[in-house]
Amino acid sequence: MNPNPYQLTDEAPELCFSCHGDIEDISENVPSQHKALKEDKTCLNCHLPHGSDYQYNLKQETFDLCLGCHDKPMKFGRVMLPSMKKFLEKNTDWHGPIRDKDCSGCHNPHGSVNIRLLRYYYPPEFYSPFNIDKYQLCFQCHPETNVLDKNTTKLTNFRDGSRNLHYLHVNRKKGRTCRACHQTHASNHPFHIRDTVPFGRWQLPINYVAAENGGSCSPGCHKLKEYKR
């Protein structure tokens, strides 16, 4: 007598992995693992086994499927992740992949060698010496020249005259990583500028103000810094 329900030859995920060995390798051998593959119905949390109206036999469109679980805070190691659904409702300036409703543009849902299931490396630190390899994730969409060209009048509006202020912030021993100023999913400011910058246990307000020909910020206890194009 077959011990498995529905006369299946094995249970999920072992049955799925008998064909999808590449997914098994990812899900079992990477440091950043997706709980959806480990709990409850495993593969069947997201996929329909017989057929679907959606790509990859998903139960729903990717964006809706992800927010079906990420609609509440979740603990990830020692970090508490916010409800992404509520966060996106409150922050209306969405990052490009979010606008495209494609969470998998940045995250691998089966697992990753990078933090938080990211497809490419993204530095977790606030400060980090510059290395182009540390921006692999960002450079899948954004041009590398944004941080490589010291002077420009075309690449970015974040410049003081022709002085590229992205280059200034990044290219130093104590360089600021992208997360220092930008909120990666969404914010209520243009270019996904953060309300606050993470600094140790504190969240320091940036106080960014856009101007017609530039802008200014005065993070935390520091004096006002202005730039004019």
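Read-outs throughout are calculated quantities, based only on the coordinates presented, and are distinct from any laboratory measurement. Bear in mind that the values here come from a model prediction, so they are computed numbers and not experimental data. Note: ideal-geometry Cβ built from the backbone for every residue, glycine included; neighbour counts use all protein chains shown.
The table below lists the values:
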{"read-out": "Residues of type lysines that residue 134 reaches as a straight line, Cα spacing below 21 Å, ignoring anything fewer than 8 places off in the same chain", "value": "150, 173, 174"}
{"read-out": "Whole-number percent relative contact order across region 70-188, with pairs defined as alpha carbons under 8 Å at least 6 apart", "value": "25"}
{"read-out": "Distance histogram for the chain (every C-alpha pair counted, 5 angstrom bins, percent rounded to whole numbers)", "value": "1, 6, 10, 15, 17, 15, 11, 8, 6, 4, 3, 2, 1, 1, 0, 0"}
{"read-out": "Backbone HN-Hα couplings from phi across region 108-122 [Karplus 6.51/-1.76/1.60, Hz, Gly and Pro as x]", "value": "9, x, 9, x, 7, 7, 9, 4, 6, 6, 5, 6, 9, 5, 9"}
{"read-out": "Cα-only radius of gyration and Dmax that characterise region 1-118, units Å", "value": "15.8, 57"}
{"read-out": "Those trypsin sites (Lys or Arg not before Pro) in region 112-169 that DSSP places in a loop and that have at most 15 other beta carbons within 10 Å", "value": "150, 154"}
{"read-out": "Estimated [θ] at 222 nm from DSSP helical runs (n ≥ 4, -39500 (n - 2.57)) normalised by residues in the chain, nearest 500", "value": "-4000 deg cm²/dmol"}
{"read-out": "Those GluC sites (Glu not before Pro) in region 68-169 that DSSP places in a loop and that have at most 13 other beta carbons within 10 Å", "value": "125, 144"}
{"read-out": "Anchor residue 38: lysines whose Cα lies under 27 Å away (excluding residues fewer than 8 positions away in-chain)", "value": "59, 72, 75, 85, 86, 101"}
{"read-out": "Reference-scaled alpha-carbon Rg (2.2 N^0.38 Å with N residues) for region 120-229", "value": "1.03"}
